[in-house]
1. If residue 120 satisfies every condition in (1) within 14 Å of the chain's Cα centre (by Cα); (2) surrounded by 13 or more Cβ atoms within 10 Å (Cβ to Cβ) but one, which is the exception?
């Protein structure tokens with residue numbers, strides 16, 4: 001199970017690297033431009049994704065510091081993961097939770113800053129998974145703000161689905 005998680009994490013890292021390859025030729029001015037109808041710039045959207053992962057990692061580490069009694073990620077956790085996937089794949093717009101929303105996103109940043117920050121959090125997740133004790137691999141530890149407690153594979157699926165949802169937003173901001 002842990003090896004599958006590390007592979008899932010690596011595939012996600014590759015998606016992020018391909019995004020940076022795609023946007024590397026663009027200027028910071030273009031990447032910081034907000035769409036005409038309002039919304040986040042491409043870099044603000046990326047900052048939102050990064051912040052989501054940073055806060056998720058902080059939550060997981062804090063939770064583990066209390067040596068909690070953890071339940072296995074069973075059918076209910078997989079069901080909540082599926083509902084989360086469904087939620088993120090709807091065409092409807094949802095307001096981001098406050099801690100990862102407008103007030104916490106910089107108005108301007110550089111591609112270099114954003115890339116370094118995301119690579120740092122991705123390296124931290126990779127290190128976390130590599131050092132994670134095997135007995136935690138099947139536990140429902142991660143708590144999504146809307147879906148509730150889910151397992152590691154569902155958390156990684158959330159990160160990836162969340163990324164794909166916002167990838168459209170990033171590309172739309174760049175068309176403006």
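The values are calculated or read from the model by the stated rules, or taken from the named source; none is laboratory data. Worth saying up front: this structure is predicted, and the values here are computed from it rather than measured. All Cβ positions, even for glycine, are placed from backbone atoms using ideal geometry, and neighbour counts span all protein chains on display.
1. Result: residue 120 passes all but (2).
A quick yes/no check of all residues on (1) surrounded by 15 or more Cβ atoms within 10 Å (Cβ to Cβ); (2) at pLDDT 90 or above:
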site: 12; (1), (2): yes, yes
site: 17; (1), (2): no, yes
site: 36; (1), (2): no, no
site: 49; (1), (2): yes, yes
site: 71; (1), (2): no, no
site: 84; (1), (2): yes, no
